[in-house]
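**Q** First, the structure itself, so that you have it in front of you.
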Amino acid sequence: MKRNKFFGIALVTLSLLGMGCAKSREAASSATQEFRRRAFAEDWLSIYKGSAPEFQKSISEADFVKMMNGVHGKLGGWKSSRDPLWNVNVGTAGRIVTLKYESQFEKGAATEDFVWRIQNDRGILVGYHINSPIFMVN
């Protein structure tokens, strides 16, 4: 009897965790779509100002704008991405979702990693990393 009760509780707990992960992934995907809308408009400042404090500590506003202008100049606008690989971690920093995209831009392909902290069902940008062979070409 105790064993069945334990398995029932474990099943409910795993189900709730799964729903929480799915909801967090949805919030991160929505935040990525918003990032893309702002990037299309080259609104780098609103992306930066809406990011997490640790993101802003890692790069100045001026350097972020310069970097994003450089990325946009080399790759052009974003066109499409495959469904991302994703990971959800819960810890002292909160619920962190990492989405890794294989993306196609106007001038070539790139790998993008978005790191979002989920707060109030919204993604707050903690990290953005982009890599492309095009960056190696003058």
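**Q** For segment 89-120, name all the residues that are in contact with a Gly (Cβ under 6 Å, 6 or more places away or on another chain) and open to solvent by 60 Å² or more (accessible area, probe 1.4 Å). Walk me through it before giving the result.
**A** Initial filter on segment 89-120 (in contact with a Gly (Cβ under 6 Å, 6 or more places away or on another chain)): 105-107, 115-117.
Within segment 89-120, Glu106, Lys107 meet the criteria.
**Q** Just to verify a result, which residue in segment 110-121, among those that are of a type in the set (D, E, K, R) and in contact with a strand residue (DSSP E or B) (Cβ under 9 Å, 6 or more places away or on another chain), is farthest from Val90 (Cα to Cα)?
**A** If we take residues in segment 110-121 being of a type in the set (D, E, K, R) and in contact with a strand residue (DSSP E or B) (Cβ under 9 Å, 6 or more places away or on another chain), then Glu112 is farthest from Val90 (Cα to Cα).
**Q** Name the residue that is most open to solvent (accessible area, probe 1.4 Å), counting only residues in segment 71-88 that are closer than 26 Å to Val137 by Cβ and either in contact with a Cys (Cβ under 6 Å, 6 or more places away or on another chain) or hydrophobic (A, V, I, L, M, F, W, C) (or both).
**A** Trp78
**Q** Name every residue in segment 69-84 that is out of contact with any helix residue (DSSP H, G or I) (no Cβ under 9 Å at 6 or more places or on another chain) and under 22 Å from Ala52 (Cα atoms), in order of residue number.
**A** Scanning segment 69-84 gives no hits.
**Q** Please name all residue pairs, on different chains or six or more residues apart, with Cβ atoms under 7 Å, provided the first residue is in segment 83-97 and is aromatic (Phe, Trp, Tyr) and the second residue is open to solvent by 100 Å² or more (accessible area, probe 1.4 Å).
**A** none
The values are calculated or read from the model by the stated rules, or taken from the named source; none is laboratory data. Keep in mind the model is a prediction, meaning the values are calculated, not measured. Virtual Cβ from ideal backbone geometry, glycine too; neighbours counted across all protein chains shown. Accessible surface is based on the protein model in full, side chains and every heavy atom, while ligands, DNA and RNA are left aside. Shrake-Rupley method; radii C 1.70, N 1.55, O 1.52, S 1.80 Å.
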